[in-house]
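Report on one structure; see the data block that follows.
The values are calculated or read from the model by the stated rules, or taken from the named source; none is laboratory data. Just so it is clear, the structure is predicted and the values come from calculations on it, not from any experiment. A quick note on method: Cβ atoms are made from the backbone with ideal geometry, for glycine too, and the neighbour counts reach across all protein chains shown. Please note that ligands, DNA and RNA were not included when accessible areas were found on the heavy atoms of the full protein model with its side chains. Shrake-Rupley method; radii C 1.70, N 1.55, O 1.52, S 1.80 Å.
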Amino acid sequence: MPAAHDEPVRYQTRGPVALVTVHRPEYRNAQNSAMTYALDRAFHRAAEDNEIKVVILAGSGKRFSAGHDIGTPERDAHLPFDREAGLWWDHSDKTGAESRFARESEVYLGMCRRWRELPKPLIASVLGACVAGGLMLAWICDLIIASDDAFFADPVVRMGIPGVEYFAHPWVMPPRIAKEFLHTGERMSARRAYEVQMVNRVVPRAELSEHTMELATHADMPRLGPALAKRAVNQAEDLQGLHTGLDSVFGLHHLAHAHNAETAPDSLGGMDIRAMKGAGT
């Protein structure tokens, strides 16, 4: 087992607030499976702790997250993990769509849906880059507070893929803005994200932690009220098509993977971590 300081997720408590920090700063907090399951354990821990009223999700170092791990030495997409989000089979001894669809149903779409239902307010504290899979982590949060130098991007369309697996784009921003965001792959500044109502607040970089904790303190209320209010808003979003929309686009996402696997060097369209760095990360 890695030493505690090498764990991909750190968990701290500050009174009624749990601070969950993704911690792979040397790899821009890229999300491998080990991080995903560590995040799941952290959220479960916060949900079970009666003293915790609010959860903050942050990134270690200079960035929130540069997305999925597509090329670090600790990439572990081929390894088996005990499944928590669904009942799909182990992907690690399968090939093709049997492997990709099962794994991504679990670690991407399934986990994001599971975390979205955490029955306590969840606040994303976004510093620096929030790219591709990083968007998924921010978007499952109830509130997003960003540093004034933060930016958001989903460049995976360059892979021939319609967007990240948790395709909430036309719900977290207006549809025409979502199309511009996807079609150009350009970075969206924190200020622009605030203008299109994707984030709640933008604050100076040096004051991000302070403002996030202040917001968390304001969200510290008796347990049941916030849990029911959160469920009410989530249900309203689902009635507006979010749940079925996610399922629909997840299928298109895997059509793109299958097409790439037939026509390109791999299911990512031949894009590696170096190419994606040049595309906005």
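A few comments on the model shown:
- Principal-axis tilt of helix 242-263 within the chain, Cα atoms, nearest 10 degrees: 30
- Only the Cβ atoms of Lys and Arg (+1) and of Asp and Glu (-1) were treated as charged; on that basis the dipole of the chain about its Cα centre amounts to roughly 560 debye.
- Each Lys and Arg Cβ is given +1 and each Asp and Glu Cβ -1; about its Cα centre, region 69-216 then shows a dipole of about 460 debye.
- Evaluated at q = 0.15, 0.20, 0.22 Å⁻¹: base-10 log I(q)/I(0), Debye formula over Cα of region 109-236: -0.72, -1.20, -1.36
- Local electrostatic count at PRO25 - Lys and Arg +1, Asp and Glu -1, tallied over other residues with Cβ under 12 Å: +3
- Debye-sum result for region 32-89 in log10 I(q)/I(0), which assumes one identical scatterer on each alpha carbon, at q = 0.16, 0.25 Å⁻¹: -0.68, -1.16
- Note on the chain: dipole from Cβ charges, positive end direction compared against ALA258, TYR166, GLY15; the farthest Cα belongs to GLY15.
- Spacing of the modelled spin labels on THR95 and THR72, each 7 Å from Cα toward Cβ, amounts to 3.0 nm.
- Long-range tail of P(r) for the chain (Cα pairs > 27 Å, %): 36
- Per the Debye formula on identical point scatterers at the alpha carbon atoms of region 190-231, with no solvent, log10 I(q)/I(0) at q = 0.16, 0.26, 0.28, 0.33 Å⁻¹ is -0.58, -0.91, -0.93, -1.01.
- Using the Cβ of SER60 as centre and a radius below 11 Å, the other residues enclosed give a net charge of +3, where K and R count +1 and D and E count -1.
- Reachable aspartates and glutamates from LYS179, criterion Cα separation under 18 angstrom, eight or more residues apart if same chain: ASP154, GLU165, GLU195
- Expressed as a whole percent, the accessible area of the chain that falls on carbon and sulfur atoms is 53 (1.4 Å probe).
- Remark: region 23-121 carries a charge dipole of roughly 460 debye about the Cα centre, counting +1 on each Lys and Arg Cβ and -1 on each Asp and Glu Cβ.
- Dipole of the chain, positive direction: furthest Cα of PHE101, MET136, SER33, with charges on the beta-carbon: MET136
- Segment GLU207-ASP220, extension gain: residue separation times 0.36 nm, minus the distance between their alpha carbons: 2.6 nm
- Within region 103-143: backbone nitrogen closer than 16 Å to the ARG14 label point (7 Å, Cα to C-beta): 122-127
- Remark: spin-label model distance ALA232-SER248 equals 2.8 nm, labels positioned 7 Å along the Cα→Cβ axis.
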